[in-house]
Amino acid sequence: MRNTFGIAVCALLLSSAAFAERSRPAAPAHGFLQDHNLTIGVDTEASIPLGNYSDVNSVGAGAFVNAELALLDTVSATMRLGFEAHVDRAIGTGSSHVNALPILVGGKAWLGNERQGMFGLVEMGLFDLMSSISTGAVSASSNDLKFGMGAGIGYQQNRWNMRVALYTQDVGNFGSAMLITGGIGYSFGAL
């Protein structure tokens, strides 16, 4: 009697486990991002200073290393580290520029359920701003660490993405450190 009861319980557990395995929806069979929880990639970025910031800084371009960790089906945590160099802005008889070393964390959310197509993004973090000004033979430079943030939209197509965002490199001087950025990214590795 005891063995019959044990066999019945085991059969019930095995059949419920098999039923639970079959009732789960199948994962999408296509797409690089659906198959991995952590992706590593690179981003390129071009930026245009806005408002008062354009008086002392010119257009810039940069490169970033990024990591993306899937939290939910349509939400990821992001981290980007890079360098952005800017062209000198002529001011009277002198020139100036502000290069940046951003260290950003944030989030990315897709509108679709396959981690493809349109997405929104929010990032915040530290900007190491390396300012330089020169007039004739005299030049000066400074290095300031500022807290900044940004938000934007983009489009994901398998390993490739493109994005446009609005950033402030200094939340304390919100309107005086605004940039509009755009770029293309590629995810080359995954875990």
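Between N52 and H36, residue separation times 0.36 nm minus the direct Cα-Cα distance comes to 1.5 nm. In this rough spin-label picture, where each label sits 7 Å from Cα along the Cβ direction, the L166-S134 distance is 3.5 nm. Within the range 39-54, what residues put their amide N at less than 16 Å from the label point 7 Å along the Cα-to-Cβ vector of S176? Taking a point 7 Å out along Cα→Cβ of S176, the residues of the range 39-54 whose backbone N falls under 16 Å are 50-54.
Here r is the Cβ-Cβ distance between M79 and S141 and R0 is 25 Å; the resulting FRET efficiency, rounded to 0.05, is 0.35. Projected label points at L71 and F188, each 7 Å from Cα along the beta carbon direction, are separated by 2.8 nanometres.
Taken together, the values in this text are just the output of simple stated rules run on the coordinates, not laboratory data. Every value quoted in this text rests on a predicted model; they were computed, and no experiment measured them. All Cβ positions, even for glycine, are placed from backbone atoms using ideal geometry, and neighbour counts span all protein chains on display.
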